[in-house]
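The structure under discussion appears below in the form of structure tokens.
The values are calculated or read from the model by the stated rules, or taken from the named source; none is laboratory data. Here the structure is a predicted model, which means the values were calculated and not measured. So basically every Cβ, Gly included, is an ideal-geometry build from the backbone, and we count neighbours across all protein chains shown.
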Amino acid sequence: MARFVIRRLAGMIAVLFAVSVIVFVIFNVVPNTNPAQLLAGKNSTPVLVKSIEEEWGFDNSLPEQYLTMMKKIFTGELTSYKPRISVDEQIIERIPATFSLSIGAAIIWLFFGLLLGYLSALRAGGWLDRFLTGFAIAGISIPVFLIAPVLLYFLTYKLEIFPNAQYVPLTENPSEWLSHLILPWVTLAILSIGFYSRVLRSNMLDVMNEDYVRTARAKGLSERRVMSRHVLRNSLVPIVTLFGLDFGATIAGTAIITEYLYSLNGIGLYAIEAVQKFELPPVMGVTIYGAFFVVFVNALVDIAYAYLDPRVRLGESGAS
Amino acid sequence: MSPAPLLSVKGLRVGFSTEGGLLQAVDDVSFEVRPGEVVAIVGESGSGKSVTAQTIMGLTRSKNARIEGTAEFEGMDLIEASDAELRRLRGDRVAMVFQDPMTSFNPVYRLGAQIGEAIRAHRDGVSKSEARARAVELFEAVGIPNAEGRVDDYPHEFSGGMRQRAMIAMALALEPDLLIADEPTTALDVTIQAQILELLRELNRKRNLATILITHDLGVVAEIADRVLVMYAGRVVEQGTLDQIFFDPQHPYTWGLLGSLTRLDKPRPVRLPQISGAPPSLLALPEGCSFRPRCPHEFGPCIDLPPLQARLRDEPGHCDRCWLSPEAKKEKRQVAGQIGLEAPTP
Amino acid sequence: MAIDPQPEAAAVAAPTAGGERGPWSLAARRFVRNRVAVAFLVLFFLIVLFVLAAPLWADHVAHTGPNKTHTLQQLTVGGEKRDVVNVEGQPIGPQLFAADGMFFLGADSRLGRDEMVRLMYGGRTSLLIGITTALITTALAVILGLLAGYYRGWIDTVIARTLDILWSLPVLLVGIALGVTLAVGGLKIGPLELSGGSLWIPIIVICVFTVPYIARPIRGEVLSLSNKEFVEAAVAQGAGPLRVMFGEILPNLASTIIVFFTLTIANNMLFEAGLSFLGAGVQPPNSSWGTMITVGVDLLNTQPLLAIIPGTMIMLTVLSLNIVGDGLRDALDPRSKIDLEAHTGTVATKASGAAAI
């Protein structure tokens, strides 16, 4: 187990290094523009551009710039260009909104996705299964930027059931926190509900044909126990991997659009605003921290997977 | 007189409705198992032997299955029994051992816990630690070395033979009266097979455990069975005691099975006799005797299905499904000192 | 399940009845029997026809172009003059045929552009990007998957690790970053020069980040296929690597590729919409369904249809492609030996989930 963890962590560091280089290259090598020129504005003098270049180190070689950037990221000294604000502080300030959104949505999608998938598999071939399958495909196909406007228009503007978003901290007012987050949660969760129910259903149908399920029945276990302890338990193993990939991807992905649509002042919104203003340091910071988070969650998941499936612990690559 | 039968199966028929029509997997199977007796059901894959066993356990019940007949176990008809009644019986009074020990345990739970689960499903108030202690005893009983240490292992940490021992230990957990072993040795190495058979025989003797052994391997049957049912295409084609089947086989299909067995006590045949052709599709059974298309001794009456009945006057328990007269059989089955299917060379 | 035996039984009976039928015509027959999938295939073609008809509608009905503004103009509706954009900056609502088809769905914003014309042209852009990227992505993924799965060794290591790294990136965030930097500065690599507004920029961004989602499962399949006897037989007969990869292995990947291709169009359209929605994809004044939602969301309170209509178009297109893809999978591989569910699933959540939906 220890060797497995160490190997996994080593791989994680290699991936993080590559990710940071790619992000750096995207901003410093790919663009056909001079960041100093952008900062100085369109009608700036060459002298101003030159001084900005020197001040921010744009005239250094690229590897040097990369190292400076990474050093700043790890020491927490990263600051945005204008205004000069600590990126770390900005991110920390916005973590509660982003985590409230993603964790709440994840709870909803896991609960409903697994519930619907379980029901679908129990009734495979029946009308309930067909209905749920249709629902799942529709859910997978609805973009958040359709769900959010529809929910906002009808439930917020017309019926005034839910307040117009913004984030209210949990510590400040728990009921407001909840009512402001319900629509974003639903928006973010619908896709995954559909998706998880499909995956769980197909996993369960596979597992139901396994010999050990027959053994469980032959032992005289109740049908409910066979389904929950044997079929469901074994079908959940791949779901854990999926959840790990998804949860990281959601925070670094879908949640951004949801934050934007509902004006939740989270990390995603911060990143989008920074990208649109060409603020390299916040984007760099958010992306690298985001990648850290994704890779970290993936590693956690692998370790959890090894815990859930004892075969993986011993085998080199095991069940993949 | 022999004791009253523990299990009495009468006129068992199992059909499945499939895409291609009704598939009659088991057709009119009747037999009895008495305490301490080993009954072997022999046949090729698709002969209905496993379906028979699983139906007795209630494992073939589904929307698509049509099950008729009776299977009386101590006065209760297992075919008519409710799911709950059957469930109380399964694992407790009737236990099952499956073919592939590699896939028959749930890979994510410890073996001891899986055995404990069976115990706790039937005995209220047994704690987990008591169940575990029982699992250790059972491991010792089936000859797993270092039982105390290995009971907490996962299935993949066991070798195939050891896993099958663990499977048997699980089946014995609640001291059942009837054990159904479905090809218990097929997936194992030959040397391990002998050990497992030895174990089964020992259990059968020591615990007076009635056993139904499902197999395609007559070698296994010879080791351990008291009585034998030979099945072909869903029907019993011959049944009798071990000696009757091995030394006085009545059905050409049984001759074929025996002929393809290598024997050290007889001169080596030039070429191992075999049954030509393949078993028929259960969706398109031939008219009359289903072995007819593969049988070298086919003659006129075979177009009608022969009944399963005793045809030898002094052997009332020895039944077969073949129209040939006992005298004709005696003549036709002798081929150069071998029991074979091939027609005698002039 | 054997409960509804009619279609399945016929499918099983087909090979014995018409012995000369190949697997493809069999698959086609199976697909045609799936009414839901056929209905959604028809829907997809209707959507394609709809966007192809854009110039006809623009020239002969709406009499305007997609990017033409009508801010200060008036419209005659039933003999009455009305502002296209009123004094508060509110665009006119849907007119249907009240103004002879002009402003059928109203105007899009205070710029007073014809929403219907933009919807049709925007759909062209969205579908064009979706299909082009799906083609490029699938082709690249197949080549990488074949190389990695066939040669193994260091080639496999390099390709697999690169794909892993792309997989680990926060796709949407890096995609936006790349999209915005390119949109501002354009792209200049050697002789290749793209201006910031070029459609190739979102296409490149999408391709880079979606390749792993197809290449990884294809690589896995090639790995297992290249162990099969028919590959060994071909090698034993002296077939070269290209012959084996493209002549022996590729045909066996066909059904997987077709299904992935369909689903990838859907996913990439969502990715494009996500990028465009955040200003990192299709650049103004060009429209795509994603950019139209961005514009529409600002007026959600008063003119909800401006966001909901393009959103619905994306949903219908994606839904029809997903259902067609599903139907194709069932038709091509009814026993589903390859676990496409899991693969496509990951594509769905990661590419579109992470990126767009």
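The table below lists the values:
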read-out: Filter pass, B:Pro267 being modelled with pLDDT of 85 or more and either within 17 Å of B:Cys319 (Cα to Cα) or surrounded by fewer than 24 Cβ atoms within 10 Å (Cβ to Cβ) (or both); value: no
read-out: Test for B:Glu140: is it part of a helix (DSSP H, G or I) and closer than 30 Å to B:Val221 by Cα; value: yes
read-out: Pairs where the first residue, in the stretch B:92-105, is within 7 Å of chain A (Cβ to nearest Cβ) and the second is modelled with pLDDT under 85 and surrounded by fewer than 24 Cβ atoms within 10 Å (Cβ to Cβ), C-beta under 6 Å, 6+ apart; value: B:Asp100/B:Ala187
read-out: Residue within the stretch C:247-269 that is within 14 Å of chain A (Cβ to nearest Cβ), assigned to a helix (DSSP H, G or I) and touching a Pro at 6+ places or on another chain (Cβ under 8 Å) present; value: no
read-out: Leading residue by the ranking (nearest to A:Phe27 (Cα to Cα)) among those in the stretch A:262-286 that are modelled with pLDDT of 80 or more and facing another protein chain (nearest Cβ under 7 Å); value: A:Val283
read-out: Residue count for the stretch C:177-230, restricted to those that are more than 25 Å from C:Ile159 (Cα to Cα), without any contact (Cβ under 8 Å) to a residue 12 or more places away in the chain and of a type in the set (Val, Ile, Thr); value: 1
read-out: Every residue from the stretch A:207-224 that is surrounded by 17 or more Cβ atoms within 10 Å (Cβ to Cβ) and either of a type in the set (D, E, K, R) or under 22 Å from B:Leu174 (Cβ atoms) (or both); value: A:Glu210, A:Tyr212, A:Val213, A:Arg214, A:Thr215, A:Ala216, A:Arg217, A:Ala218, A:Lys219, A:Gly220, A:Leu221
read-out: Any pair with Cβ under 6 angstrom, 6 or more apart, that starts in the stretch B:6-32 at a residue that is over 23 Å from B:Lys63 (Cβ atoms) and ends at one that is in a strand (DSSP E or B) and among the β-branched types (Val, Ile, Thr); value: B:Leu6/B:Val33; B:Leu7/B:Val33; B:Lys10/B:Thr70; B:Ser30/B:Val9; B:Phe31/B:Val9
read-out: Odd one out for B:Lys49, checked against (1) surrounded by 21 or more Cβ atoms within 10 Å (Cβ to Cβ); (2) in contact with a Phe, Trp or Tyr (Cβ under 9 Å, 6 or more places away or on another chain); (3) under 22 Å from B:Arg235 (Cα atoms); value: (2)
read-out: C:Ser224 vs. criteria within 14 Å of chain A (Cβ to nearest Cβ) and in a helix (DSSP H, G or I); value: yes
read-out: Residue tally, condition free of Cβ contacts under 8 Å to residues at least 60 places away in the same chain, over 19 Å from A:Pro96 (Cα atoms) and aromatic (Phe, Trp, Tyr), over the stretch A:265-299; value: 0
read-out: Residue within the stretch C:88-110 that is among the acidic types (Asp, Glu) and within 30 Å of A:Ala138 (Cβ to Cβ) present; value: yes
read-out: Wholly enclosed helices (runs of 4 or more DSSP H) of the stretch C:95-209 bearing at least 2 residues under 26 Å from C:Gly296 (Cβ atoms) and within 14 Å of chain A (Cβ to nearest Cβ); value: C:115-151, C:171-185
read-out: The stretch A:125-168, residues that are more than 7 Å from chain C (Cβ to nearest Cβ), farther than 20 Å from A:Gly268 by Cβ and of a type in the set (A, V, I, L, M); value: A:Leu128, A:Leu132, A:Ala136, A:Leu155, A:Leu159, A:Ile161
read-out: Selected residue (criterion: surrounded by the fewest Cβ atoms within 10 Å (Cβ to Cβ)) from residues of the stretch A:183-203 that are away from chain C (no Cβ under 12 Å) and out of contact with any Leu (no Cβ under 6 Å at 6 or more places or on another chain); value: A:Val186
read-out: Some residue of the stretch A:167-175 being at pLDDT below 85, among the charged types (D, E, K, R) and closer than 19 Å to A:Leu101 by Cβ; value: yes
read-out: Qualifying residue in the stretch B:172-184 (condition: under 21 Å from A:Thr215 (Cβ atoms) and part of a helix (DSSP H, G or I)); value: yes
read-out: Residue selected from the stretch A:208-257 under the condition among the hydroxyl-bearing types (Ser, Thr, Tyr) and facing another protein chain (nearest Cβ under 10 Å), by the criterion farthest from B:Met57 (Cα to Cα); value: A:Thr254
read-out: Enumerated strands (runs of 3 or more DSSP E) restricted to the stretch B:1-48, each holding at least 1 residues that are out of contact with any His (no Cβ under 6 Å at 6 or more places or on another chain) and within 14 Å of chain C (Cβ to nearest Cβ); value: B:7-18, B:21-33
read-out: Every pair of residues 6+ apart whose Cβ atoms lie under 9 Å, when the first sits in the stretch A:215-226 and is in contact (Cβ under 8 Å) with a residue 12 or more places away in the chain while the second is polar (S, T, N, Q); value: A:Ala216/B:Asn106; A:Ala216/B:Gln114
read-out: Odd one out for A:Leu39, checked against (1) at pLDDT below 85; (2) under 30 Å from A:Glu176 (Cβ atoms); value: (2)
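For every residue, the table says whether it meets (1) surrounded by 20 or more Cβ atoms within 10 Å (Cβ to Cβ); (2) over 24 Å from A:Leu221 (Cα atoms); (3) at pLDDT below 90.
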{"position": "B:Glu117", "(1), (2), (3)": "yes, no, no"}
{"position": "B:Arg120", "(1), (2), (3)": "no, no, no"}
{"position": "B:Glu130", "(1), (2), (3)": "no, no, no"}
{"position": "B:Phe139", "(1), (2), (3)": "yes, no, no"}
{"position": "B:Val142", "(1), (2), (3)": "yes, no, yes"}
{"position": "B:Ser159", "(1), (2), (3)": "no, yes, yes"}
